[in-house]
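Below: the structure, in structure tokens.
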Amino acid sequence: MSAMDISSRLDFAAQPNDVYAMMTDQKYLEEVSVASGSLSYDVSVDGSTTKTSRTLPAPDTAARFTGPQLTVNEEVVWDGPSSDGSRSGAVTMTVLGQPVTFRGRLNLSPGGRGSVVDISGELKIAIPLLGRKLEESAAPAVMSGYQTQQEVGDRWLAS
């Protein structure tokens, strides 16, 4: 069973150092959690490592397997900056009690309206025969989470 490749790009109107500061700010991560429709959440920031745990309503396509709610845990570990402020980070996302993992990289660099964050990784649902079909139905939810970061980030940086 192979994993499903997922990629996305965020484009923020700020320099990389400002975007990194936002993406490692506890209040920003809390706003993203609220905007994503979390029923409950926990956020922690320890230097260049962020951890979020969000309990969300399960997508209709998954609810019969998972129950009405999912708890999504995400950890991002950022590397140090390059001379132009760019940096990369490792992202790991799991779903509590489910055979679901997303492992990937974030690359923050100058570009677009000021900075772009390229996200790429592999979504894996380890269920024989059904895994690929479930990955296809779960991928939009992962992408939606990054779109929420874009929307909250645009508001955050404008204020």
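Quick one: which of 13, 62, 35 is within 26 Å of residue 133 (Cα to Cα) and of a type in the set (A, V, I, L, M, F, W, C)? Outline the logic, then answer.
Details: 13 fails: within 26 Å of residue 133 (Cα to Cα); 35 fails: within 26 Å of residue 133 (Cα to Cα).
Checking each option against the conditions leaves just 62.
Based on what the data block shows, is residue 86 of a type in the set (S, T, N, Q), at negative phi and touching a residue at least 24 places away in the same chain (Cβ under 8 Å)? So residue 86 passes the test. Of the residues 44, 2, 38, 53, which is loosely packed, with under 14 Cβ neighbours inside 10 Å, touching a Ser or Thr at 6+ places or on another chain (Cβ under 8 Å) and outside any helix (DSSP H, G or I)? 44 is the lone residue from the list that is loosely packed, with under 14 Cβ neighbours inside 10 Å, touching a Ser or Thr at 6+ places or on another chain (Cβ under 8 Å) and outside any helix (DSSP H, G or I). Of all residues in the range 56-76, those that are on the phi < 0 side of the Ramachandran plot, of a type outside the set (D, E, K, R) and surrounded by fewer than 16 Cβ atoms within 10 Å (Cβ to Cβ) total 8. Being closer than 19 Å to residue 6 by Cβ, of a type in the set (Gly, Ala, Ser) and touching a Gly at 6+ places or on another chain (Cβ under 6 Å) is the requirement here; does residue 144 meet it? Against the criterion (closer than 19 Å to residue 6 by Cβ, of a type in the set (Gly, Ala, Ser) and touching a Gly at 6+ places or on another chain (Cβ under 6 Å)), residue 144 does not qualify. Only one of the numbered conditions (1) crowded, with 17+ Cβ neighbours inside 10 Å; (2) among the polar types (S, T, N, Q); (3) over 11 Å from the mean Cα position of the chain (by Cα) is not met by residue 107, and that is (1). The numbered conditions (1) touching a strand residue (DSSP E or B) at 6+ places or on another chain (Cβ under 6 Å); (2) touching a residue at least 60 places away in the same chain (Cβ under 8 Å); (3) β-branched (Val, Ile, Thr); (4) under 20 Å from residue 102 (Cα atoms) are all true for residue 32 except (1).
Applying the condition of being out of contact with any strand residue (DSSP E or B) (no Cβ under 6 Å at 6 or more places or on another chain) and of a type in the set (A, V, I, L, M) to the range 5-29 and asking which residue is surrounded by the most Cβ atoms within 10 Å (Cβ to Cβ) yields 23.
Here is the figure for the range 19-44: residues that are more than 14 Å from residue 155 (Cβ to Cβ) and of a type in the set (D, E, K, R) total 1. For the range 5-35, the set of residues classified as touching a Ser or Thr at 6+ places or on another chain (Cβ under 6 Å), modelled with pLDDT of 95 or more and in a strand (DSSP E or B) consists of 12 only.
The values are calculated or read from the model by the stated rules, or taken from the named source; none is laboratory data. Treat the numbers as computed from the prediction; the structure is a model and nothing was measured. We place every Cβ from the backbone using ideal geometry, glycine too, and count neighbours over all the protein chains shown.
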